[in-house]
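The values are calculated or read from the model by the stated rules, or taken from the named source; none is laboratory data. What you are looking at is a predicted structure, and each value in this text was computed from that prediction instead of being measured. Counting neighbours? That spans all protein chains shown, and the Cβs are built from the backbone with ideal geometry, glycine included.
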Amino acid sequence: MIPVDINTPEYLEAFTEQLKTAGLPHEGLSKEEHVLIGYYENEKLIGTGGIEIYDDYGLIRSVSITAANRGKKLGTQIAYHLIDKAKEKNLTGLYLLTETAKDFFTKIGFETIDRNAVAKPVQASSEFSHVCPVTAICMYLQLKKSC
């Protein structure tokens, strides 16, 4: 699986189509404003992942695997790749909202937190304000210790 930065309209279109197929929100994604990564095998998109950056924090979104490639631990590889990207950007922590993948993200170190505990810039994101339902579980991963 080869990670490719989503930096062309063609890549963004394939990325968005994969999210639609997976039933994930695709509104508000921008290759200029977000870290969007497509994961390819033999020039075919098999997975997606992204990070929205708000000050010192990131918001993971758009993690998906094509149906034919599920069960191969690719989601875990994508999640760890996104965590590494966040560390490269020197982010303090990562948030996410999920309706279906709480157990998956718990296994890689995320903890469930109250939405009110989320950093204010992240709370103002479209993902928190209107894209994801209020029933979505909020999770957080501390990346570096605060002073």
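Key figures for this structure:
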{"item": "Which listed residue is more than 15 Å from the chain's Cα centre (by Cα) and of a type in the set (Gly, Ala, Ser), from 117, 79", "result": "117"}
{"item": "Answer from 64, 125 - the residue that is hydroxyl-bearing (Ser, Thr, Tyr), surrounded by 12 or more Cβ atoms within 10 Å (Cβ to Cβ) and in contact (Cβ under 8 Å) with a residue 60 or more places away in the chain", "result": "125"}
{"item": "Single match in 29, 59, 36, 19 (criterion: among the aliphatic types (A, V, I, L, M), crowded, with 19+ Cβ neighbours inside 10 Å and assigned to a helix (DSSP H, G or I))", "result": "19"}
{"item": "Index of the failed condition, residue 100 passing every other in (1) exposed (fewer than 15 other Cβ atoms within 10 Å of the Cβ); (2) part of a helix (DSSP H, G or I)", "result": "(2)"}
{"item": "Those residues of segment 1-60 which are on the phi > 0 side of the Ramachandran plot, without any contact (Cβ under 8 Å) to a residue 24 or more places away in the chain and not polar (S, T, N, Q), in sequence order", "result": "23, 43"}
{"item": "Complete set of residues in segment 16-64 that are of a type in the set (A, V, I, L, M, F, W, C) and either more than 9 Å from the chain's Cα centre (by Cα) or over 18 Å from residue 123 (Cα atoms) (or both)", "result": "19, 22, 24, 29, 35, 36, 37, 45, 46, 53, 63"}
{"item": "Subset tally (residues that are hydrophobic (A, V, I, L, M, F, W, C) and modelled with pLDDT of 90 or more) for segment 23-44", "result": "3"}
{"item": "Test set (1) within 14 Å of the chain's Cα centre (by Cα); (2) of a type in the set (D, E, K, R); (3) closer than 13 Å to residue 59 by Cβ - residue 89 fails condition number", "result": "(1)"}
{"item": "Those residues of segment 1-15 which are in a loop (DSSP other than H, G, I, E, B) and either in contact with a strand residue (DSSP E or B) (Cβ under 8 Å, 6 or more places away or on another chain) or not polar (S, T, N, Q) (or both), in sequence order", "result": "1, 6"}
{"item": "Out of 128, 105, sole residue that is closer than 15 Å to residue 24 by Cβ and of a type in the set (Phe, Trp, Tyr)", "result": "105"}
